[in-house]
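This report refers to the structure that appears directly beneath it.
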Amino acid sequence: MTPYWSYLLTTVGAVGLFLAGRMQRTGWLVGLGAQGLWIAYALSTRQYGFLISALVYGSVYARNYLAWRRTAHQRIETRPCT
């Protein structure tokens, strides 16, 4: 493995959190997609513990995305008509 993996994983994860913090749904999706990178890393380095963390983090990202989407949808429905 090259040292670039750690830079890539850190950058993608940080970008996802940054976007989620700015209330952009793409942040949760970037974080969810990053778990694919973690799975590839775990398999290529034979560090199988990262598979568990990718599943846990992936489920949290998916749950938060669905909650964000539900909240955003409710805001649209309750917006007063002008």
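Bear in mind these aren't lab numbers, they're just calculated from the coordinates by the rules spelled out. Nothing here was measured: the structure is a model prediction, and the numbers come from that model. FYI the Cβ positions are ideal-geometry reconstructions off the backbone, even for glycines, and counts take in every protein chain you see.
Quick notes on this structure:
- Net charge contributed by nearby residues that have their C-beta within less than 14 Å of ALA20 (K/R +1, D/E -1): +4
- Length added when fully stretched, SER6-ALA62, from 0.36 nm per residue minus Cα-Cα: 17.9 nm
- Qualifying trypsin sites (Lys or Arg not before Pro) for the range 1-70 [loop in DSSP, other Cβ within 10 Å: at most 12]: ARG22, ARG46
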